[in-house]
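For reference, the structure is listed below as structure tokens.
The values are calculated or read from the model by the stated rules, or taken from the named source; none is laboratory data. On a predicted model such as this, the values are computed, not experimentally measured, just so you know. Don't worry about glycine lacking a Cβ; one is built from the backbone with ideal geometry, like all the others, and counts go over all protein chains shown. Ligands, DNA and RNA are stripped out before the accessible areas are found, and what is left, the full protein with its side chains, is counted by its heavy atoms. Shrake-Rupley method; radii C 1.70, N 1.55, O 1.52, S 1.80 Å.
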Amino acid sequence: VNSYAQTGQAITNVTIIHVMNPNEFTPGQTVLILRGKIGRIGATKDVKVPKGFTTIDGTGKFLIPGLWDMHVHLSYYGEEALQLLIANGVTAVRDMGGDIKQIDQWRKDIQDGKINGPMIFRAGPFVDGSKKMDAKRKSFTKVVKNEKDGRAVVGELKSLKVDFIKRHSRVP
């Protein structure tokens, strides 16, 4: 999501780096983006940029697909991490354990265009057994002592519509 989310952008004359073969490049391409999604990629000479689009000259530059960080803990680093991820090309993350209310608020704010940040898939709180934890970690950990606890926690996380469940090392 960016400040252009409700309009269109065209990146012209850019060299595309391919996903499946990073040694393959296609120069002289135009990428049309509408409402934050790629709509068309083609040779600059063949793609007409719609009226009103913001045009970015990609001459001498390269374009790659957005990167994913598959193991983050956003609650430890705070909202400033969201902008840093985007600035480094990370457009999606898998948050492996944190404060679900905070993370869900960031997801909403990103979706609404209030803040810049990656798409977030989240586990919510860690599911773990008893062990020594600092206060922050303890605040977003569900401690499981037996099967009954485990089933209750899974039910609770399911009701929160988590994207996945992070079971940590001490679950009995």
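Beyond 18 Å, the tail of the calculated P(r) for the stretch 5-118 holds 58 percent of the Cα pairs. Checking the Cα-Cα distances for K101/K166; K138/K161; K61/K166; K61/K101; K37/K61; K108/K166 against a 27 Å cut-off, the pairs over it are K61/K166; K61/K101.
Between the C-alpha center of the stretch 11-66 and that of the stretch 137-172 there is a gap of 43 Å. Of M133, M119, M20, the residue with the largest accessible area leads and the full order is M20, M119, M133 (1.4 Å probe). How much of the accessible area of the stretch 1-126, in percent, comes from carbon and sulfur atoms when a 1.4 Å probe is used? Taking all protein chains in place, the stretch 1-126 shows 57 percent carbon and sulfur surface.
Using a 1.4 Å probe over the heavy atoms of the protein chains, calculate the carbon and sulfur portion of the accessible area of the stretch 128-172 as a whole percent. Please report the intermediate quantities before stating the final value.
Working: 1710 of 3350 Å².
About 51 percent, which is the carbon plus sulfur part of the accessible surface.
Per-residue ellipticity at 222 nm computed for the chain from its helices equals -6500 deg cm²/dmol, with DSSP H segments shorter than 4 residues left out and the rest contributing -39,500 (n - 2.57). By the equivalent-ellipsoid construction on the alpha carbon gyration tensor, the stretch 117-172 comes out with semi-axes of 19, 15, 8 Å, ordered largest to smallest. The alpha-carbon atoms of the stretch 52-172, seen along their principal axes, cover 60, 24, 23 angstrom, with the largest extent given first. Of the trypsin sites (Lys or Arg not before Pro) in the stretch 67-137, the ones in a loop by DSSP (not H, G, I, E or B) with at most 12 other beta carbons within 10 Å are K114, K131, K132.
L34 contributes an accessible area of around 80 Å² to the protein surface, as traced by a 1.4 Å probe with all chains present. Working from Cα pairs under 8 Å separated by at least six residues, relative contact order for the stretch 22-172 is 17 percent. From largest to smallest, the equivalent ellipsoid semi-axes obtained for the stretch 87-138 from the alpha-carbon gyration tensor read 25, 12, 9 Å.
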